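Visitor: Okay, handing you the structure first.
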Amino acid sequence: MFDIGFTELLLIAVIALVVLGPERLPGAIRTTAYWIGKIKRSFQSAREELEKELDVDGIKRQIHNEQVMKELEKTRSQVTESIKEPLEALNKPIDPDTDRGERDSGGSKSRAQNETEEKKDKSA
């Protein structure tokens, strides 16, 4: 914390002894030690409170959860893409003109066009 060596402490003690005298020096040392301890406890308490408010473990958990959510989203989009084409094939209308009832391929006429042609054939 402070870079105070033994010689500096000895010098402070001698000056305190001269200024305060031998009768008041023990009381002054006790009071100084009390306040230094109180300041240390106050700083330690503030540090613990700051760490608690920052919630370092909670931040780590949140970062991990975000990574997991990104992976889940990536997997969901991959699954969606993989089933998109088969679902579109299932949703295509069935061509009634085919013998086996196969699904309408992209190159054949639409159902509306087939119905229009059938109406023309019947009226002619």
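The values are calculated or read from the model by the stated rules, or taken from the named source; none is laboratory data. Predicted model only: the values in this text are computed from it and were never measured. Every residue, glycine as well, gets a Cβ built from its backbone with ideal geometry; the counts of neighbours run over all protein chains shown.
Visitor: Keeping to the range 57-103, report how many residues are part of a loop (DSSP other than H, G, I, E, B) and at pLDDT 90 or above.
Guide: Here the count works out to 0.
Visitor: Among the residues that make up the range 80-98, is at least one of them surrounded by 10 or more Cβ atoms within 10 Å (Cβ to Cβ) and more than 30 Å from residue 114 (Cβ to Cβ)?
Guide: yes
Visitor: Let me ask something additional. Across the range 104-116, which residue is modelled with the highest pLDDT among those that are over 48 Å from the mean Cα position of the chain (by Cα) and assigned to a loop (DSSP other than H, G, I, E, B)?
Guide: Here the residue is 110.
Visitor: Tell me, which residue of the range 45-56 that is part of a helix (DSSP H, G or I), of a type in the set (Asp, Glu) and surrounded by 10 or more Cβ atoms within 10 Å (Cβ to Cβ) is modelled with the lowest pLDDT?
Guide: Selected residue: 51.
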